[in-house]
1. Based on what the data block shows, is Glu97 among the acidic types (Asp, Glu), under 27 Å from Arg139 (Cβ atoms), more than 14 Å from the ligand (Cβ to nearest atom) and over 15 Å from the mean Cα position of the chain (by Cα)?
2. Do we find a residue being of a type in the set (S, T, N, Q), at pLDDT 95 or above and either over 13 Å from Leu156 (Cα atoms) or within 15 Å of the ligand (Cβ to nearest atom) (or both) anywhere in the range 2-20?
3. If you take the residues of the range 110-119 that are of a type outside the set (A, V, I, L, M) and within 16 Å of the ligand (Cβ to nearest atom), which of them is surrounded by the most Cβ atoms within 10 Å (Cβ to Cβ)?
4. Filter the range 21-41 for residues that are more than 16 Å from the ligand (Cβ to nearest atom) and either outside any strand (DSSP E or B) or of a type in the set (Asp, Glu) (or both) and give the result.
5. List the helices (runs of 4 or more DSSP H) that sit entirely inside the range 42-158 and contain at least 2 residues that are in contact (Cβ under 8 Å) with a residue 24 or more places away in the chain.
6. For the range 33-76, which positions are under 12 Å from the mean Cα position of the chain (by Cα) and surrounded by fewer than 15 Cβ atoms within 10 Å (Cβ to Cβ)?
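The values are calculated or read from the model by the stated rules, or taken from the named source; none is laboratory data. What you see is a predicted model; the values in this text were computed from it and never measured. So basically every Cβ, Gly included, is an ideal-geometry build from the backbone, and we count neighbours across all protein chains shown.
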Amino acid sequence: MEYMFTPWRRKYVVDGVAEEGCVFCRLAADESARDRLLETEHWYLCLNAYPYCNGHLMLVSKNHLRWLSELSSAALAEMAPLLARAEAALRQAYDPEGMNMGINFADAGGAGVPGHLHIHLLPRWAGDTNFMTSVAQTRILPESLEQSFDRIEKALAG
Ligand SMILES: [Zn+2]
């Protein structure tokens, strides 16, 4: 393992400035993106492109920050109402029996995009981890991402 020290980048990391090559920063910066289900000053809601199940949402910080404790108080204040709204939309759209909501922090915490804070919301059903997922590492998704988007967008509006 080689290390390259880049202390001049520290101010960008600390200030949460968009990072080149970060998929969430790119999505946040793209004004034309139809991928965002809704957005506020500090967050946007989108579908996970690699979902564990249909309706797998992510609430993503617009700033490139890793930890909850790095968020501004304004961003923190926006977060809970957005999560509640997304939860309500998923319940309306999918009528799930349960739900997971969670954050994987950094590499060691299992984050897919380790440098950029995002919160997962997944509708769940009893017995939904099926044979294909457990044995063949393959997920069967009955609905396309476009269908999920339309369904959740409708639920958010209603
Ligand atoms: Zn980022």
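1. yes
2. no
3. Among them, the one singled out is His116.
4. Glu31, Ser32, Arg34, Thr40, Glu41
5. On the way: elements: 73-94, 131-135, 145-157.
Ranges flagged: 73-94, 145-157.
6. Asp35, Ala49, Tyr50
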